[in-house]
2 protein chains.
Amino acid sequence: MSNPYHDKKVLITGGLGFIGSNLARTLVREGARVTLIDNLSPRCGGNQFNVAGIERKLRIVFGNAQDPAVLKPLLAGQDFLFNLAGQTSHQDSMLAPFEDLHVNCEGPLAALEAARLVNPEVRIVFASTRQVYGRPQYYPVDEKHPVLPVDINGVHKLAGEFYHQLYSQVHGLKTVILRLTNTIGPRMHIRDARQTFFGVWIRCAMEEQPFEVWGGSQLRDFTYIDDAVAALLAAGTCPHSSGDIFNLGGDRVISLSDLAKMLVELRPKASFKVRRYPAARKVIDIGDYFADDRKFREQTGWQPATPLPAAISRTLRFYDSHWKEYV
Amino acid sequence: MSNPYHDKKVLITGGLGFIGSNLARTLVREGARVTLIDNLSPRCGGNQFNVAGIERKLRIVFGNAQDPAVLKPLLAGQDFLFNLAGQTSHQDSMLAPFEDLHVNCEGPLAALEAARLVNPEVRIVFASTRQVYGRPQYYPVDEKHPVLPVDINGVHKLAGEFYHQLYSQVHGLKTVILRLTNTIGPRMHIRDARQTFFGVWIRCAMEEQPFEVWGGSQLRDFTYIDDAVAALLAAGTCPHSSGDIFNLGGDRVISLSDLAKMLVELRPKASFKVRRYPAARKVIDIGDYFADDRKFREQTGWQPATPLPAAISRTLRFYDSHWKEYV
């Protein structure tokens, strides 16, 4: 089978982060010529250890992916751009909205402006979030669901989506937008809940500390990182690249309490307690969410290959081996 | 009848602009204690002559309404905030997207952050735009119509709306959002088409130069400035202030060709020619638009009081008297 990324030039913004670095590992394995840009912002997930072992097989640029002057020379000649740099914490976005604006609006806009100016043929994949929907009005949530973000992060990620649609429609760029749900797996941020609450759960489970489940009955879906990487790669070569939007879901829908139980079964010395949502979080919580991702499955043939218990188990084993690099 | 603005403290961002200054004039007449902030940005509509004759009856701050440090001391103690500072040109937003981001995202966010910190009780009215809908899917366009902006300006104005909704829902601020259509009247920007194409038409008609009508069959609605001011005032005291969104329309729906004829009837030495849309504009044109504004009419009793021919006639007479201040 031919490999569409072999010998292709690929730029990944936020490339030292959880998703970016896992994507880079797969691309390196497939023979792509990979450049990463990351500023290792303390609030984001960048970590140099994420590329341990492949450092010599790619180019790493420590720089600001919100600056068109930095991006323009990097983008020239690239075949693919994975526009992943972002700030993911909902709570941080409420506490520091201007910083979120800078990272999540200026960043994607800078990448698109650079592409327009120096490389209008590059294929662009933008990592968005289910957060743009806000509190779902029906389930499963498909791409036609109205958008009504309930936090600043959602507002800015939605603006990022609109930029990608506009630059396709107005300037002819080739862009695809993936709305990710919770992505979990090796190299996720576990120091705090900035990428997902599940990072903190993993950390507590590893430390055999009790972790807190807020609410507990909320339904969610989870994408294992290898499946998310496969989806990003499929999006990059998807024939629909006129600002098309696709949801990405997981292999099942599960309540947070059941997810906690699944984790504790794998680490029996861990434990959890269910508590009420803290007020500051409740007000930006979206309740249940799970995606209808049939549109993406039908267009690309993608489907999640990793059952949730295996996803959690592999994640735990990764941190067993690399604990000190992530805490 | 009691006047809800008498002796009340009112802050208007973008207060030297077309809408802001007309609002200020009415508020001064009604006995409000008005403060304006405006940075007289060359691309926006600020003009000191807009407040000629009332300068001593209000306070003018020449400053940056995108800076929370500037806004915080101004907002303390205010009863009302009209959040009007903005960049309105669709074309400029495509050519200088970061500038549009600064004015139309950072600006409203700065005002809301300042309100949250120093004056969470202030009543806030945000001037948004029909541009957030993009190309309408049905007519007349009501507030439930999906939002899908077709230019950067629309993306950023929509983000501004979401901020006002969020700060109401999360922080309890009292906010109302008006989606304006074309607003016309005395003190509009006529040097170029940055506020509305109609400014250029007025200018050409006054100069007895032929003006261009692009397309011509597009249907639009127009709000006369006095009616827009009445709507803003009604929004400020509207009981629905939890980020509620209201469309504002005009007294009739008219094609651009018929509007051009109406203008030429009032200035018989003027003339126009219909031409095809220039490509760079066509791609961000929204086609027909006219609002369903029944929700606002029902909630507030507002209705347009100025027929379109009278609106145009009054506008022309204003520039007859004050031509040199606006060209």
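Checking every one of the chymotrypsin sites (Phe, Trp or Tyr not before Pro) in the range B:114-222 against DSSP loop status and a limit of 11 other Cβ atoms within 10 Å picks out B:Y138.
What distance in nm lies between label points placed 7 Å from Cα along the C-beta direction at B:A305 and A:W214? Computed distance between label sites B:A305 and A:W214 equals 4.9 nm. Taking a straight Cα-Cα cut-off under 17 Å and skipping sequence neighbours fewer than 8 places away in the same chain, the lysines within cross-link reach of B:K269 are B:K261.
Less than 5 angstrom separates the built amide H of A:T183 from those of A:T223, all sequence-distant by 5 or more or on a different chain.
Per-residue mean of foreign Cβ neighbours for B:166-179 is 2 (Cβ atoms of other chains, 10 Å radius). What residues in the range A:273-295 lose 40 Å² or more of accessible surface when the other protein chains are added to their chain alone (1.4 Å probe)? Residues of the range A:273-295 that lose at least 40 Å² of accessible area once the other chains are added: A:V283. The rotation axis that maps chain B onto chain A passes nearest to the beta carbon of this chain B residue, listed with its distance in whole angstrom: B:A159, 3.
Between the residues A:P73, A:T88, B:L178, the greatest Cα displacement towards the positive end of the dipole of the protein assembly as shown, with unit charges on the Cβ of Lys, Arg, Asp and Glu, is found for A:P73.
Proximity of backbone amide H atoms, modeled 1.01 Å from N, is registered between A:F211 and A:S271, A:F272, A:K273 at under 5 Å, excluding neighbours fewer than 5 places apart on the same chain. Label-point distances for A:E121 to the equivalent site in the other copies, using a point 7 angstrom along Cα→C-beta, read 6.4 nm when ranked shortest first. Between B:R317 and A:D285, the FRET efficiency estimated from the beta carbon spacing at R0 = 56 angstrom works out to 0.50. Distances from A:S41 to itself in the other copies, using label points 7 Å out along the Cα-Cβ axis, amount to 2.2 nm in increasing order. Placing dummy labels 7 Å off each Cα toward the beta-carbon, the span from B:A96 to A:V274 is 5.6 nm. Placing a pseudo-label 7 Å from each Cα along the Cα-to-Cβ vector at A:Q48 and B:N3 gives an inter-label distance of 6.8 nm. Quick one: of the DSSP bridges fully inside the range B:9-325, what percent are antiparallel, nearest 5? Around 5 percent of the beta bridges assigned by DSSP in the range B:9-325 are antiparallel ones. Roughly speaking, to the nearest percent, how much of chain B's 1.4 Å accessible area is carbon and sulfur? Here it works out to 50 percent. Can you list the lysines whose alpha carbon is less than 29 Å from that of B:K174, not counting same-chain residues fewer than 8 positions off? Within the straight-line cut-off, B:K174 pairs with A:K157, A:K282, B:K8, B:K9, B:K57, B:K72, B:K144, B:K157, B:K295.
Within chain B, the longest segment free of exposed loop sites, counting GluC sites (Glu not before Pro) that fall outside DSSP classes H, G, I, E and B and have at most 13 other Cβ atoms within 10 Å, spans B:1-120. Since only B:F290, B:T35, B:V200 are under comparison, the one whose Cα sits farthest along the positive direction of the charge dipole of the range B:9-325, derived from C-beta charges on Lys, Arg, Asp and Glu, is B:V200. Taking the centroid of alpha carbons for each part, the range B:150-219 and the range B:109-129 are 21 Å apart. If only the Cβ of Lys and Arg carry +1 and only the Cβ of Asp and Glu carry -1, the dipole of the range A:181-310 around its Cα centre is close to 500 debye.
Label-to-label distances for A:Q137 across copies, nearest first, come out at 1.0 nm, using points 7 Å from Cα in the beta-carbon direction.
The values are calculated or read from the model by the stated rules, or taken from the named source; none is laboratory data. Keep in mind that this is a model prediction, so the values were computed, not measured. A quick note on method: Cβ atoms are made from the backbone with ideal geometry, for glycine too, and the neighbour counts reach across all protein chains shown. When the accessible area is computed, the model is the full protein with side chains, heavy atoms only, and any ligands, DNA or RNA have been set aside. Shrake-Rupley method; radii C 1.70, N 1.55, O 1.52, S 1.80 Å.
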